[in-house]
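Quick notes on the structure that follows.
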Amino acid sequence: MAAQPEHLAAVGRLEADPGSPWVGLARAAGRFELAFGVPDGTVHVVRDTPRRELLALAIAYVGETLTDPPPELEATHADLAALVGWLRDTASGPAASELLRQALDGIDDGLAADVVIARLVAAAEDGTPNEQADGWVGLLVERYRSISGL
């Protein structure tokens, strides 16, 4: 049986409609996963979320590209820092770990969003050159469609 989330935090809604699904993170059993919440209150946690999708979530947060999440679940700066810190600590190698350390330092230091986004994008395992946050949001929308059957 899968572990229940210890913590849920919503980064934003996938559409402008306040009744649209939200995307965020779930922390359980010492790891982070993507989570999607739907209007009926159901929360879908994507087990074994690919790192690229977690990076997409962090990019969406930093880029402020999503509509406001439900206020009672709104992700905080500490949630973002915890996610990026976990990604750094579980990185596949020293180069990715260093890029994520730099991104975390940028978050903590309040660097400009584009600088932090560039560091997060560089840490993406496939080296995707797309630094536009909207492109990364598309990855989150695709994942939602795959789990919701839309």
Quiz prompt | Among residues of region 97-116, those that are open to solvent by less than 50 Å² (accessible area, probe 1.4 Å) and small (Gly, Ala, Ser), counted | solution = 4
Quiz item: Among the residues of region 71-91, which ones are in a helix (DSSP H, G or I), touching a residue at least 40 places away in the same chain (Cβ under 8 Å) and acidic (Asp, Glu)?
Solution: ASP79
Exercise. Would you check which residues across region 92-118 are more than 22 Å from ALA78 (Cβ to Cβ) and assigned to a loop (DSSP other than H, G, I, E, B) and list them?
Key: SER92, GLY93
Quiz item: Which pairs have Cβ atoms under 6 Å, sit 6 or more apart or on different chains, and link a residue in region 58-69 that is without any contact (Cβ under 8 Å) to a residue 60 or more places away in the chain to one that is open to solvent by 30 Å² or more (accessible area, probe 1.4 Å) and of a type in the set (Gly, Ala, Ser)?
Solution: THR67/ALA16
Quiz item: So which residues in region 69-100 are of a type outside the set (S, T, N, Q) and over 20 Å from LEU25 (Cα atoms)?
Solution: GLY93, PRO94, ALA95, ALA96, GLU98, LEU99
Exercise. Filter region 70-96 down to residues that are more than 17 Å from THR49 (Cα to Cα), loosely packed, with under 15 Cβ neighbours inside 10 Å and over 14 Å from the mean Cα position of the chain (by Cα), then give me how many there are.
Key: 6
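The values are calculated or read from the model by the stated rules, or taken from the named source; none is laboratory data. Only a predicted model underlies this, so the values are computations on that prediction, with no experimental measurement involved. Neighbour counts are summed over all protein chains in view; Cβ atoms, including those assigned to glycine, are modelled from backbone coordinates with ideal geometry. The area values use the complete protein model at the heavy-atom level, side chains included, leaving out ligands, DNA and RNA. Shrake-Rupley method; radii C 1.70, N 1.55, O 1.52, S 1.80 Å.
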